[in-house]
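See structure below.
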Amino acid sequence: MAGIRTVMVTTPAMLRDLIKLLAVGRVDLEIVAELNARKGLARRLKALRPDLVVIGMAQNESERSVRALLKHLPAVRIIALGPNGRMTGYEFCLCRSKLSDRSPEGLISFIRAPSVEITTDCD
């Protein structure tokens, strides 16, 4: 059985080594690439077809860049290491709404709403 196809992107060596060490005996990570540059990242990731991306974020970078990657790769899970040293996990979340209980205005609001709802917690 193949492991979880993982790509490390601009990831500090200490975090990269820590994740590899923590995975031993727990989860089979198959590191398919370690990228040190971001140029053409979405295109490169599509070609690599990862299940998981671990990315080190730059000081001036926001989670907007992670959201952009998820738009191109909705099946990928992303672990982002912020400049403050905190890790955040991202995944594309699908939301379900009961439309039969809504008023006609509620139905129209659903139709007008963006197709992807960004939430802070999908648990």
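The values are calculated or read from the model by the stated rules, or taken from the named source; none is laboratory data. The structure displayed is predicted, hence computed values, not measured ones. Cβ atoms come from the backbone with ideal geometry, glycine included; neighbour counts cover every protein chain shown.
Working only within the stretch 60-109, note down all residues that are more than 28 Å from residue 5 (Cβ to Cβ) and acidic (Asp, Glu).
Selection gives 101, 105.
Here are the criteria: (1) without any contact (Cβ under 8 Å) to a residue 12 or more places away in the chain; (2) more than 30 Å from residue 30 (Cβ to Cβ); (3) small (Gly, Ala, Ser). Tell me which single one residue 97 does not satisfy.
That leaves (1) as the condition not met.
For residues in the stretch 72-113 being charged (D, E, K, R) and surrounded by 11 or more Cβ atoms within 10 Å (Cβ to Cβ), which is farthest from residue 19 (Cα to Cα)?
So the residue we want is 102.
One residue is enough: does the stretch 14-21 have a residue meeting the conditions of a type outside the set (D, E, K, R), within 18 Å of residue 91 (Cβ to Cβ), in contact with a strand residue (DSSP E or B) (Cβ under 9 Å, 6 or more places away or on another chain) and in a helix (DSSP H, G or I)?
Yes, that holds for at least one residue.
For the condition farther than 19 Å from residue 15 by Cβ and acidic (Asp, Glu), what is the one hit in 105, 30?
None of the others qualify; the one that does is 105.
Out of all the residues in the stretch 60-67, is one or more within 17 Å of residue 37 (Cβ to Cβ) and in contact with a helix residue (DSSP H, G or I) (Cβ under 6 Å, 6 or more places away or on another chain)?
Within the stretch 60-67 (the criterion being within 17 Å of residue 37 (Cβ to Cβ) and in contact with a helix residue (DSSP H, G or I) (Cβ under 6 Å, 6 or more places away or on another chain)), the answer is no, since none of the residues qualifies.
Condition first: modelled with pLDDT under 85 and over 23 Å from the mean Cα position of the chain (by Cα). Can you find one or more residues in the stretch 85-98 that meet it?
yes
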